[in-house]
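The values are calculated or read from the model by the stated rules, or taken from the named source; none is laboratory data. It should be emphasised that the depicted structure is a prediction, and the values quoted were computed from it without experimental measurement. Positions of Cβ are generated from backbone atoms using ideal geometry, with glycine treated the same way; all protein chains shown enter the neighbour counts. Heavy atoms of the whole protein, side chains included, go into the accessibility calculation; ligands, DNA and RNA do not. Shrake-Rupley method; radii C 1.70, N 1.55, O 1.52, S 1.80 Å.
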Amino acid sequence: MMEWISVALFALLALEAETTNIKWHSAGAAFDNANAWLDGYLPCAQDKVVFPSYYPAVLPLPKELAVGGFVLPRLGGLLLAEDATVQLGVGSGLNRECDSDEKRAYLKPAKTSKWFDPSSWSDQPSSASPSSSAIDSYFDLDRVPCDDEHVVISGNSGPLSFDLENVEYLRLGQLILAGSSISRNYLQELLSRDLGQLLFHNAQNVFVEYYRGELCGCHIDYENLLELVCSHVEPQCEVPHCVSPLRTNDGCCLVCGAMMHVNSEHCVEEDRKTLTGLINSFMVKERLQDELQLHVNFVGSRAYGNALQAIVVDRNGYSERSVEFMRRFAAQRNQSKFLAQQKNLKIFYAGHPYNPNVSFASVLLILFCIVLVGVVSLIGLAHFMPQNPYLNRIPQWIHNPRRWRWHHLGLRLPQHLLFNRFDNVTAGMGSGGAGGSAVERLAVIGYDAENEEVRERAFDNPMFEQAEQVAVLEEQPETTAMTAKVETGELDSCSVEEQELTEINLESSGGESEIEEETKE
C-alpha cells in the first residue's frame, strides 16, 4: 500500500512540474505583522482593533485571534477561514506586553495593488522579488500573470485589493483565492458583487477569460499591454550604457546587447529548446558562459504575428562582448540545420558602449576648468616669483589687476594710494593763522562716540598727545608752524625709486595701523 502511495505522490509531483507557471500575489504585511499597525503596536487580548474609516479591501484574519473587539470601517471586509476562532477579551493576544493606555490598536490604511504592476507579483510564495535573474528584468510582460498562468492569492497575507483600471480583459489560467479554486463564471459574477468590488476596483466592464496552454508566448496581444505595464516600470529603468540600444517585444526598458528574431507560425516548444541549446553550446565553446546571459521566449500577437526571440546581454556591464558573440554565431548559422532553414531570421545589435553621465557640455566644462586653473596658477607664480626668467615674459598687466582697463565698458579699477603719517606739528594752528602760520587748524574729520569727543586727526599718534600740544599753542601763539608733509606712492609704479619710497612709507605707518582701524570703526 505504501508503494502505491509513493507512486501516486511521485506522479502528482511530475504532473505539477509539467503544468504552467504560477504567479503569487506579493501582498503587504499580514494581520499579525507589526508593519501592518501604526507605530508597530500589535493588539493585546484586551485591545480593540480600530480600522481606518475607509478601508476598501478584504483583510484576512488569522485562524486563532484574541482581541478586545473591533471598530469596523464604513466600507471594508474581513476574510475568515472555516476553522477560525476569534476570542474577545480572553486568551493570549498578538502582543503580550500591553502598554497601551487607551486599549486600542490602529491598523494602517490598505494598499491597493495594480494587476499589471510587476512589483505586485512574484514567482515564489512569500517573496517580494519578482525575478531571480538579472536578464529577466528586461522582459516586463513576463513578470505579470500570463494569459495561461495560475494566479494564487493567499489568505494568510495582507489586505487584498486590486485595481483593474484600463483593463479590458482579465486573462489567466486559473485563480486560487484563499485556498479555493475560482471558476471563470464565478469570477465574472464576483466582479459585479459587493465583495468583488472590494477585491477588484474599476471592474465594471472587465471580461474574464481562462486559457489552458493554447497560447504562443505569455500574452495573446502583447502590444495591448505595453502601456499598462510600462507605466509602472519605465520610471525605474536604468539609462542604457550604449549607442542605439534595443527594445524587446515584451519589454519596457532599453537593452544593450544582441537580439535574434525568428518568425514562428505554430510556436513549437521544441524550436525554443533547439535554439536555446545551440546558443548555449556555442557559448560554452567560446568560454563565455560566465560573462554572457541568454533568454529565449515566444512573443505572440494577432496583428504582428508570432515570433521566437533570443536576447544575449553582458553580465557585468555592457562591454560589447554580447554583440561580438552574436556576430560569430550568425556567421556559422549554416552549420545548423535549424538556423539554415529560417528564411526570416533577423539579428539586431546595440551600438558601442558609452557613459551616459558624460555629455559634451560636461567635457567643455572640464576643459574650461583646466584652462582656468592654469591661468590662475601662472598669475600667482608671476606675482610671487618676479625674478623667474620664464615668468618675466608674462606681461605685467596680466598679473596686476590694477592695470586692467575696460574702456569699452567705462570701468576702471581704483588705484589704492599709500600715505605716510602726518607730521606731529601743530604750531601755528591757532584760529585765523596766528603768528604767520601757513597751516590752518585741522578741520573736524571724526567723532569718537565712545569718548564723546571730536577728533581732528585721521588717527591718534601714541607718540604725540594733541591736548598737550593745544595747551602749548595757547601759551606760545607766536611759534611758527611747519607744514605737514604727505608723500604718496603707487604699488604699480615701475621705477625703483618709487618702490623704495613706498617701502619707507609702509614701515613708517605700520605703528599706527591698529589705532587707525579703531578710528575707522
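Among residues other than L191 whose Cβ falls under 15 Å from its Cβ, what is the net charge (Lys/Arg +1, Asp/Glu -1)? Please list the in-between numbers first.
Details: positive: R171, R184, R193; negative: D163, E165, E168, E189, D194, E209.
It works out to a net charge of -3.
Based on the alpha-carbon gyration tensor of region 240-353, what equivalent-ellipsoid semi-axes (square roots of 5 times the eigenvalues) come out, in whole Å, largest first?
Over the Cα atoms of region 240-353, the semi-axes work out to 22, 18, 12 Å.
Between E269 and Y169, what is the spin-label point distance in nm, taking each point 7 Å from the Cα along the Cα→C-beta axis?
Distance between label points: 2.2 nm.
In debye, nearest 20: dipole of region 227-336 around its Cα centre with unit charges on the Cβ of K, R (+) and D, E (-)? Kindly include the intermediate steps, with their values, before the conclusion.
Numbers: 11 positive and 14 negative charges, 71 e Å.
For region 227-336, the charge dipole is close to 340 debye.
Please sort 326-334, 293-301 by packing, taking for each peptide the average over its residues of neighbouring beta carbons within 10 angstrom, highest first. The partial results should precede the final answer.
On the way: 326-334: 14.1, 293-301: 20.6.
Ranking, from highest mean packing down: 293-301, 326-334.
What are the residues whose amide H is under 5 Å from the amide H of L292, where those residues sit 5 or more places off or on another chain and H is modelled from the backbone?
Here R315 satisfy the definition.
At 7 Å along the Cα-to-beta-carbon direction for both A361 and N205, put a label point, then send me their distance in nm to one decimal.
Going from the A361 label point to the N205 one covers 4.4 nm.
Going through region 266-316, which GluC sites (Glu not before Pro) have at most 10 other Cβ atoms within 10 Å and a DSSP loop state? Intermediate values should be presented prior to the final figure.
Details: sites: E269, E270, E286, E291; in loops: E286, E291.
Answer in residue order: no site qualifies.
Considering only Cα-Cα distances, which of the following residue pairs are longer than 31 Å: K23/K63; K63/K111; K23/K337; K111/K273; K285/K343; K285/K346?
K23/K337; K111/K273
To the nearest 0.05, how large is the calculated FRET efficiency for F384 and L38 if R₀ is 56 Å and r is the Cβ-Cβ distance? Before the final figure, lay out each step's value.
Values: r = 66 Å, r/R0 = 1.19.
After rounding to 0.05, the efficiency reads 0.25.
From the Cα trace of region 114-222, what convex hull volume per residue do you get, rounded to a whole Å³? Let's see the in-between values first.
Working: hull volume 11.6 nm³, N = 109.
It comes to 107 Å³ per residue, whole-number rounded.
What nm value, rounded to one decimal, do you get for the distance between A29 and V86 when each label is placed 7 Å out toward the C-beta?
2.1
Taking only protein heavy atoms into account and a 1.4 Å probe, give the accessible area per residue of region 240-353 in Å². Please report the intermediate quantities before stating the final value.
Working: 5970 Å² over 114 residues.
Using a 1.4 Å probe on heavy atoms only, each residue of region 240-353 averages 52 Å².
Which FRET efficiency value, to the nearest 0.05, is calculated for S281 and N224 with the Förster distance at 35 angstrom and r the Cβ-Cβ distance?
Details: r = 36 Å, r/R0 = 1.04.
After rounding to 0.05, the efficiency reads 0.45.
For K48, enumerate residues with amide H under 5 Å from its amide H, sequence gap 5+ or separate chain, H modeled in the peptide plane.
For K48, the qualifying residues are G68, R104, A105.
Taking the Cα atoms of region 49-91, what is the range of coordinates along each of the three principal axes, in descending order and whole Å?
29, 21, 10
For region 31-177, build the convex hull from the C-alpha positions and give me its volume per residue in Å³. Walk me through the intermediate numbers first.
Numbers: hull volume 20.1 nm³, N = 147.
So the per-residue hull volume is 137 Å³.
Dividing the convex hull volume of the Cα atoms of region 174-314 by its residue count, what figure in Å³ per residue is obtained?
Details: hull volume 24.5 nm³, N = 141.
Normalising the Cα hull of region 174-314 by residue number yields 174 Å³.
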